[in-house]
Amino acid sequence: MAKDSPHKIILDRKKALGGRMVILGHHYQADEVIRYADFIGDSLELARKVSEIKQAQIIVFCGVLFMAQTAVILAPDKHVYIPDKHAGCPLADAAAIDDVLRAWEVIGELGRVIPITYVNSSAEIKAFCGRNGGAVCTSGNALKVLKWAFAQGERVFFLPDQNLGRNTARTLGLPDQEMAIWDPLNPPLPKALENARVILWHGWCPVHAPVMTVRGVEEARRHHENVKVIVHPEADPETVMASDAFGSTAQIIDYVKAQPLGTRVAIGTEINMVRRLSESYHAIVNIVPLVESACADMAKITPEKLACCLMELTEDYRVRVPENVIADARLALERMLRI
Ligand code: SF4
């Protein structure tokens with residue numbers, strides 16, 4: 001007998017589980033996966049959605065592991081699954097908790113320092129921030145969270161994305177001289193931290209930072225007359241400066257929607273999202289990718305793996321976070337949701 005296709009298995013399981021299950025999908029997922037999502041969003045939208053889910057007991061997360069962990073932290077009574085636990089994030093992995101605790105022995109002595117972590121971080125890093133009076137932020141609310149942090153303390157320890165941290169701090173008006181980088185392999189001397197109001201962890205996203213460049217922006221301007229360029233704030237600060245605007249996934253969508261008819265827009269973010277935007281808004285604007293950059297970890301989620309996950313819903317797919325980590329990480333996430 002012929003085997004059922006992943007498509008049929010997914011549809012059958014969705015029907016069988018009905019309102020007991022919700023599939024969440026991040027914008028960077030490929031079309032062949034995102035079509036099965038009940039709700040699509042960026043990190044902030046998905047975190048808010050998780051907090052609102054009432055009826056469903058099962059959450060299947062089509063995204064990367066830290067996102068599924070965030071769902072566990074926000075809804076510990078739910079069963080959260082991911083189709084591939086190896087879908088990680090090199091940016092999140094850049095901040096190992098032991099390295100961060102070693103850094104905190106020095107940074108924590110500098111006065112009232114508020115630790116802020118980008119949501120693209122491990123559950124342990126979120127718990128560290130929660131325990132120490134800090135919060136989580138996303139690329140969509142980083143400015144608001146940074147302002148909040150400066151209302152609580154004199155300095156901010158920003159993890160793990162140095163580019164999001166610097167781009168946001170610059171928007172707040174802080175000069176680069178008041179920012180320092182903490183590289184765990186080559187930590188700065190305490191003297192170098194004296195004037196630092198923001199201490200940035202030495203991490204970056206390989207999908208945005210090294211591939212989206214000033215030269216790429218200049219080339220887009222050369223090839224496309226009157227093009228508007230918008231990049232994600234995980235891009236490096238000089239690229240952001242060379243662009244017309246920067247913003248989170250949701251802010252990029254708003255930017256596109258606000259353009260006059262016929263505008264050409266070059267977008268610097270993950271390619272699945274750029275392609276989808278281009279298809280959705282082709283009648284209004286002409287969207288081109290700044291560069292074709294795909295997230296290899298997001299691509300680990302496939303219809304085949306989603307079908308297996310939905311068929312089995314076993315420990316192989318279940319995402320768990322230790323109880324003590326949940327409690328502290330939740331503090332940091334809930335602070336963000338309140339800001
Ligand atoms: S796009 Fe970058 S930050 Fe997002 S999951 Fe992939 S590697 Fe991590």
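Data for the structure
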{"item": "Selection from region 78-95 of residues that are within 16 Å of the ligand (Cβ to nearest atom), out of contact with any Phe, Trp or Tyr (no Cβ under 6 Å at 6 or more places or on another chain) and in contact (Cβ under 8 Å) with a residue 60 or more places away in the chain", "result": "Pro83, Asp84, Lys85, His86, Ala87, Gly88, Pro90, Leu91, Ala94"}
{"item": "Pairs, first in a helix (DSSP H, G or I) in region 293-306, second more than 8 Å from the ligand (Cβ to nearest atom) and among the acidic types (Asp, Glu), C-beta under 6 Å, six or more apart", "result": "Lys300/Asp84; Pro303/Glu32; Lys305/Asp84"}
{"item": "Selected residue (only one of Asp183, Asp161 is touching a Cys at 6+ places or on another chain (Cβ under 7 Å) and among the acidic types (Asp, Glu))", "result": "Asp161"}
{"item": "Selection status of Phe61, in contact with a helix residue (DSSP H, G or I) (Cβ under 7 Å, 6 or more places away or on another chain) and either under 21 Å from His208 (Cβ atoms) or of a type in the set (Lys, Arg) (or both)", "result": "no"}
{"item": "Residue match in region 108-116 (condition: away from the ligand (no atom under 16 Å from the Cβ), exposed (fewer than 15 other Cβ atoms within 10 Å of the Cβ) and at positive phi)", "result": "yes"}
{"item": "Selected residue (only one of Ala75, Ala103, Ala68, Ala95 is within 19 Å of Val325 (Cα to Cα), in the same structural domain as Phe158 (by TED's automatic domain parsing) and not polar (S, T, N, Q))", "result": "Ala95"}
{"item": "Residue that is modelled with the highest pLDDT [pool: residues in region 1-53 that are under 21 Å from Thr70 (Cβ atoms) and polar (S, T, N, Q)]", "result": "Gln29"}
{"item": "First in region 114-142 and closer than 17 Å to Ile339 by Cβ, second anywhere and of a type in the set (Lys, Arg), Cβ under 7 Å, 6 or more apart", "result": "Thr117/Lys126; Gly130/Arg330; Ala135/Arg335; Val136/Lys126"}
{"item": "Checking Arg35 against (1) touching an Asp or Glu at 6+ places or on another chain (Cβ under 8 Å); (2) surrounded by fewer than 18 Cβ atoms within 10 Å (Cβ to Cβ), the condition it does not meet", "result": "(1)"}
{"item": "Selection status of Ser51, touching a helix residue (DSSP H, G or I) at 6+ places or on another chain (Cβ under 8 Å) and crowded, with 24+ Cβ neighbours inside 10 Å", "result": "no"}
{"item": "Selection within region 24-51 - of a type in the set (A, V, I, L, M), closer than 26 Å to Arg335 by Cβ and in contact (Cβ under 8 Å) with a residue 24 or more places away in the chain", "result": "Leu24, Leu44, Leu46, Ala47, Val50"}
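The values are calculated or read from the model by the stated rules, or taken from the named source; none is laboratory data. Worth saying up front: this structure is predicted, and the values here are computed from it rather than measured. Cβ atoms come from the backbone with ideal geometry, glycine included; neighbour counts cover every protein chain shown.
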